[in-house]
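S.K.: Pasting a structure below so you can have a look.
The values are calculated or read from the model by the stated rules, or taken from the named source; none is laboratory data. All of these numbers come straight from a predicted model, not from anything done at the bench. All Cβ positions, even for glycine, are placed from backbone atoms using ideal geometry, and neighbour counts span all protein chains on display.
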Amino acid sequence: MVNQERLWQRLMTLAEIGRQPDGGITRLSFSPEERAAKDTVRRWMEEAGLSVREDAVGNLIGRRSGQQNDGPVVLTGSHLDSVYNGGNFDGPLGVLAALEAVQCMQETGVETALPVEVVAFTDEEGARFRFGMIGSRGLAGTLTADHLEAVDANGVRIRDAMTAVGLNPDDIGQAARSSGSVAAYVEVHIEQGTVLERANLPVGVVSGIAGPLWLKFSLRGQAGHAGTTAMDARRDALVGAAAIIQEIEAACRQEVHTVGTVGQLTVEPGGVNIIPGQVEFTLDLRDVDAAVRTRVEQRIRTVAARICADRQLDLSIAVLQDIAPVRCDERIQAAIRTACAQVGLSPLTVVSGAGHDGMQLQHLCPIGMIFVRSKDGVSHHPAEWSSPEDCAAGAEVLYHTLLQLSQG
Ligand SMILES: [Zn+2]
């Protein structure tokens, strides 16, 4: 049904916009590259016969009418921006699979009760401003004037970057959709993991998006001479931290989907011949189930307190960020499973460890996601890859999902 060749050619065309010398792609928000990508997709939307517009935060929207044209819309899409030197499938696949599915509707002439809109969101990745999902926040009505004060590496605020591309930052409220105006949001996205590859399946049905909890652990012991302080007289903050990190791994491995990562660690005073007196490290803890994540967090806090008490270390734990996990809507998941069956695919349930625009859209409407197999699970890297067949399978499943959701 979907045109695999057309979808692939479009993916490869977008891959040339923002291409870096070593093959990666850099397409930051409100940059000429993001603009060029949107202009290219706009042309394809128009070729498909969609009515195209951009909203007040720069989201590109192509609309196909439904019989109930003033009814709620079924929304599908993804983002066109990238991280620094990223890949070509994270984002573009979701936009182009959505366009392909809706173009198929045009070509078959199928009528739907509800209108369907293809959206290319402004800045999902947050690479430029370390603040992402600008477009989906705008559409979901969760973007505030305060958010627009975030600055990039050159001190340019989001507000200024918007003005520079002809958007009025004071108008962001106009991008917000009203409650009840969006019936569903469905996104195709690469898995960025290896579950589908290991299951030998091209697509998966996402049950939820994990929410990250970021903690900062500070351990204070006693710095001292590495040569003269007996082993049993030490209060070594780094050895305590090492014990806690081991326990973090063990606690996560007791669960099915929980992942925990210690990605930053500082040691003071940091001398080769000085016992570490103070250590700070971060924890990124994720699960799609809030209750499970809380259980693991409590386990880690308890064991960390015990380790520090045993070693006479002072411990404090600060919460840097706490984003709740998001459940995908049961009805949309069921529609995706039915679509998989219609195209002869087994509907494997998977979870998303990465954040996506759906995390913002869930404040507005029920959401669902279709994952497409990633080669070796590689993402945010030039080697990111999904095959033409798998990309088309994602678009095909989306097509059948949209047909169900747009029946009103
Ligand atoms: Zn993405």
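S.K.: Looking at the stretch 101-132, which of its residues are crowded, with 24+ Cβ neighbours inside 10 Å, touching an Asp or Glu at 6+ places or on another chain (Cβ under 9 Å) and within 15 Å of Tyr399 (Cβ to Cβ)?
M.R.: Ala101, Val102, Gln103
S.K.: Turning to a different aspect of this structure: Which of (1) at pLDDT 95 or above; (2) part of a loop (DSSP other than H, G, I, E, B); (3) at negative phi; (4) surrounded by fewer than 20 Cβ atoms within 10 Å (Cβ to Cβ) does Cys365 not meet, given it meets every other one?
M.R.: With (1) at pLDDT 95 or above; (2) part of a loop (DSSP other than H, G, I, E, B); (3) at negative phi; (4) surrounded by fewer than 20 Cβ atoms within 10 Å (Cβ to Cβ) applied to Cys365, the lone miss is (4).
Each row is one residue, and each column tells you yes or no for (1) of a type in the set (Lys, Arg); (2) within 16 Å of the ligand (Cβ to nearest atom); (3) out of contact with any Cys (no Cβ under 8 Å at 6 or more places or on another chain); (4) assigned to a loop (DSSP other than H, G, I, E, B).
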position	(1), (2), (3), (4)
Glu16	no, no, yes, yes
Pro21	no, no, yes, yes
Arg35	yes, no, yes, no
Asp39	no, no, yes, no
Gly49	no, no, yes, yes
Val52	no, no, yes, no
Asn69	no, no, yes, yes
Ser78	no, yes, yes, no
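S.K.: Let me confirm something: among Ile336, Ile370, which residue is in contact (Cβ under 8 Å) with a residue 12 or more places away in the chain, touching a Pro at 6+ places or on another chain (Cβ under 9 Å) and among the aliphatic types (A, V, I, L, M)?
M.R.: Ile336
S.K.: Would you check if there is a residue in the stretch 324-343 being under 18 Å from Ser218 (Cα atoms) and surrounded by fewer than 16 Cβ atoms within 10 Å (Cβ to Cβ)?
M.R.: No, the conditions are met nowhere in the stretch 324-343.
S.K.: Moving on. Specify the residue that is surrounded by the most Cβ atoms within 10 Å (Cβ to Cβ); the eligible residues are those in the stretch 286-301 that are of a type outside the set (A, V, I, L, M) and not in a helix (DSSP H, G or I).
M.R.: Keep residues of the stretch 286-301 that are of a type outside the set (A, V, I, L, M), which gives 286-287, 289, 293-295, 297-299, 301.
Within this subset, residues satisfying the condition of being not in a helix (DSSP H, G or I) are 286-287, 289.
Details: Arg286: 25, Asp287: 27, Asp289: 19.
Of everything passing the filter in the stretch 286-301, Asp287 is surrounded by the most Cβ atoms within 10 Å (Cβ to Cβ).
S.K.: Run down Ala113, Ala97, Ala101 and say which single residue is in contact (Cβ under 8 Å) with a residue 24 or more places away in the chain and either within 20 Å of the chain's Cα centre (by Cα) or under 17 Å from Asp357 (Cα atoms) (or both).
M.R.: Answer to the selection: Ala97.
S.K.: Tyr84 passes all but one of (1) under 22 Å from the mean Cα position of the chain (by Cα); (2) buried (at least 16 other Cβ atoms within 10 Å of the Cβ); which number fails?
M.R.: (2)
S.K.: For the structure I just gave you, tell me whether Leu215 is crowded, with 19+ Cβ neighbours inside 10 Å, at pLDDT 95 or above, within 30 Å of Gly368 (Cα to Cα) and not β-branched (Val, Ile, Thr).
M.R.: Considered against the rule, which asks whether it is crowded, with 19+ Cβ neighbours inside 10 Å, at pLDDT 95 or above, within 30 Å of Gly368 (Cα to Cα) and not β-branched (Val, Ile, Thr), Leu215 comes out as yes.
S.K.: So Ser178 ticks every box in (1) closer than 30 Å to Ala335 by Cβ; (2) surrounded by 11 or more Cβ atoms within 10 Å (Cβ to Cβ) but one. Which box is left unticked?
M.R.: Evaluating Ser178 over (1) closer than 30 Å to Ala335 by Cβ; (2) surrounded by 11 or more Cβ atoms within 10 Å (Cβ to Cβ) leaves (2) as the failure.
S.K.: Run down Ala304, Ala250 and say which single residue is small (Gly, Ala, Ser), assigned by TED's automatic domain parsing to the domain that holds Gly224 and buried (at least 21 other Cβ atoms within 10 Å of the Cβ).
M.R.: Numbers: Ala250 fails: buried (at least 21 other Cβ atoms within 10 Å of the Cβ).
Residue meeting the stated conditions: Ala304.
S.K.: Counting just the residues of the stretch 167-195 that are within 16 Å of the ligand (Cβ to nearest atom) and of a type in the set (A, V, I, L, M, F, W, C), which one comes out farthest from the chain's Cα centre (by Cα)?
M.R.: This residue is Val186.
S.K.: Here is a follow-up. For the stretch 197-212, which positions are buried (at least 22 other Cβ atoms within 10 Å of the Cβ), within 28 Å of Arg301 (Cα to Cα) and not small (Gly, Ala, Ser)?
M.R.: If the condition is that a residue be buried (at least 22 other Cβ atoms within 10 Å of the Cβ), within 28 Å of Arg301 (Cα to Cα) and not small (Gly, Ala, Ser), then Ile209 is the only one that fits.
S.K.: Here is a follow-up. Could you list, ordered by first residue, the pairs with Cβ atoms under 7 Å in which the first is in the stretch 184-212 and on the phi > 0 side of the Ramachandran plot and the second is within 15 Å of the ligand (Cβ to nearest atom) and in a helix (DSSP H, G or I), at least 6 apart or interchain?
M.R.: Gln192/Gly377
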